[in-house]
Amino acid sequence: MKHKNESRLLPFSTELGWIGILHHNYLIEQIKFGFTNQIDLYEAFEQRDYQIGKWDQAEREWVEKFKMFAQGRRVSFASLDLELASSTRFQRQVLECCRKIAYGETVSYGQLAEMAGFPRAARAVGSTMRRNQHPLVIPCHRVVASAGIGGFSSPQGVGLKQRLLRLEGHHHDFH
């Protein structure tokens with residue numbers, strides 16, 4: 001039985017580790033991924049109230065998309081609705097521009113700042129990427145430093161960012 005006032009967590013395993021999608025009435029609040037086990041994933045969401053139940057058709061379709069992506073298949077996450085209301089105007093603009101970075105492409109933090117209409121705001125873009133609540137859907141892994149790979153906020157750190165870029169066909173050797 002679904003409770004309309006409570007968020008739902010979809011935990012599942014992929015080639016990229018455990019992923020959790022937290023949503024409220026199909027508006028995705030948060031995605032976390034890269035966990036080596038289910039317990040660590042649940043601990044990452046311990047500050048949130050949620051229920052876990054049998055997945056409906058829409059949720060099964062989401063999970064299938066993420067599993068296909070983790071296998072290296074090109075999928076579109078464009079149809080997924082994201083909760084961005086708590087973001088500032090600047091953050092929303094940066095996140096929306098980041099979401100448009102094509103599969104297999106990369107841009108620098110400075111380039112993303114320019115795309116979002118905030119030239120010379122590369123550091124603030126980096127901060128926004130670090131706080132991205134919707135990784136993979138908002139592909140912050142495709143944003144790199146001008147002189148290297150940059151950072152990555154995941155349990156597996158920059159190694160997972162490199163793996164994601166290779167998965168998407170990027171063979172550039174980032175350091």
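Just so it is clear, none of the values below were taken in a lab; they were calculated from the coordinates. Note that this is a predicted model, so its numbers are computed, not measured. Ideal geometry is used to build each Cβ from the backbone, glycine not excepted, and the neighbour counts take in all protein chains shown.
Fraction of C-alpha pairs exceeding 15 angstrom in segment 65-167: 59 percent, rounded to a whole number. Computed across segment 7-70, the Kirkwood hydrodynamic radius from all distinct Cα-Cα pairs reaches 11.7 Å. Between the beta carbons of residue 81 and residue 6, assuming R0 = 22 Å, the FRET efficiency works out to 0.80 to the nearest 0.05. Spin-label model, residue 90 to residue 57: label points 7 Å out along the Cα-to-beta-carbon direction sit 4.4 nm apart.
FRET efficiency for the pair residue 99 and residue 39, taken as 1/(1 + (r/R0)^6) with r the Cβ-Cβ distance and R0 = 35 Å, rounds to 0.70. Each peptide among 135-148, 78-91 gets the average number of other Cβ atoms lying within 10 Å of its residues, and from highest to lowest they stand as 135-148, 78-91.
Taking only the alpha-carbon positions of the chain and ignoring solvent, what does the Debye formula give for the base-10 log of I(q)/I(0) at q = 0.10 Å⁻¹? Those come out to -0.37, one per q. Note on residue 146/residue 49: beta-carbon distance plugged into 1/(1 + (r/R0)^6) with R0 of 45 Å gives a FRET efficiency of 0.65.
Using only Cα atoms, locate the centre of segment 77-96 and the centre of segment 125-175, then give the distance between them in Å, rounded to an integer. Using only Cα atoms, the two centres lie 18 Å from each other. Short-range pairs are left out: with C-alpha atoms under 8 Å and at least six residues apart, the relative contact order of segment 7-70 is 34 percent.
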